[in-house]
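Presented below is the structure to which this report refers.
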Amino acid sequence: MKKIGMLVDLVESAFRRPVTEIYPLERRPTVEQFRGLLHWNPEGCTGCGLCVKDCPAEAIDFITIDKAAKRFVFRYYADRCTFCGQCAYNCRFNCITLDNEEWELADVDRDGYLITYGRPEDVEQLELAERTEPVSAAG
Ligand code: SF4
Ligand code: SF4
């Protein structure tokens with residue numbers, strides 16, 4: 001009797017849809033509130049530095065190129081980030097978002113985890129300055 005039961009199970013499972021998902025070919029949509037990779041938008045940023053002060057993981061460096069002209073560079077260390085969302089929550093100008101679609105962040109080395117946001121000319125100026133002299137980060 002047991003053998004017949006096993007046989008029935010085997011035949012049934014051969015025609016049943018697998019319960020596992022074929023990741024990464026199949027993906028479930030993430031919920032809107034999911035906190036993934038941080039993005040920074042310089043539009044509206046006042047350079048207040050609150051995001052740096054509020055980050056419990058020291059995952060943000062904020063560099064001021066020219067405060068009067070609102071020229072800033074935002075460095076994000078994704079490997080330190082705990083995705084708590086504190087920085088995005090507290091920025092009064094909605095410059096920071098945590099993308100719910102960008103969450104597959106595994107990598108083989110840490111270099112890719114340092115992300116520099118800013119206007120291209122500001123990033124270029126910072127990198128040029130760093131090559132010639134060390135630049136101190138605000139915050
Ligand atoms: S908290 Fe917002 S406005 Fe203030 S420095 Fe950070 S990104 Fe800019
Ligand atoms: S989400 Fe949290 S840990 Fe990540 S940068 Fe913002 S404040 Fe820091």
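Which whole-number percent is the relative contact order of the chain (Cα, under 8 Å, 6+ apart)?
Taking the mean separation of contacting Cα pairs over the length of the chain, I get 30 percent.
Would you mind working out the magnitude of the charge dipole of the chain relative to its Cα centre, with +1 at each Lys and Arg C-beta and -1 at each Asp and Glu C-beta, to the nearest 20 Debye?
620 debye
What is the local net charge at Arg110, summed over the other residues whose Cβ is closer than 12 Å to its Cβ (Lys, Arg +1; Asp, Glu -1)?
Here the count lands on -3.
State the answer as a single residue: which of Ile63, Leu126, Gln33 lies farthest towards the positive end of the charge dipole of the chain, with beta carbon charges of +1 for Lys and Arg and -1 for Asp and Glu, about the Cα centre.
Farthest along the dipole direction, towards plus: Gln33.
When the expected Rg is taken as 2.2 N^0.38 Å, what fraction or multiple of it is the alpha-carbon Rg of segment 29-132?
The value comes to 1.08.
Determine the sum of side-chain charges near Glu21: Lys and Arg each +1, Asp and Glu each -1, restricted to other residues whose C-beta is under 10 angstrom from that of Glu21.
It works out to a net charge of +1.
Hey, what angle do you get for helix 120-132 against the long axis of the chain, alpha-carbon based, 0 to 90 degrees rounded to 10?
Helix 120-132 sits roughly 70 degrees off the main axis of the chain.
Read the figures in this text as sums done on the coordinates, not as results from a lab. What you see is a predicted model; the values in this text were computed from it and never measured. Glycine gets a Cβ as well: all are built from the backbone with ideal geometry, and neighbour counts include every protein chain shown.
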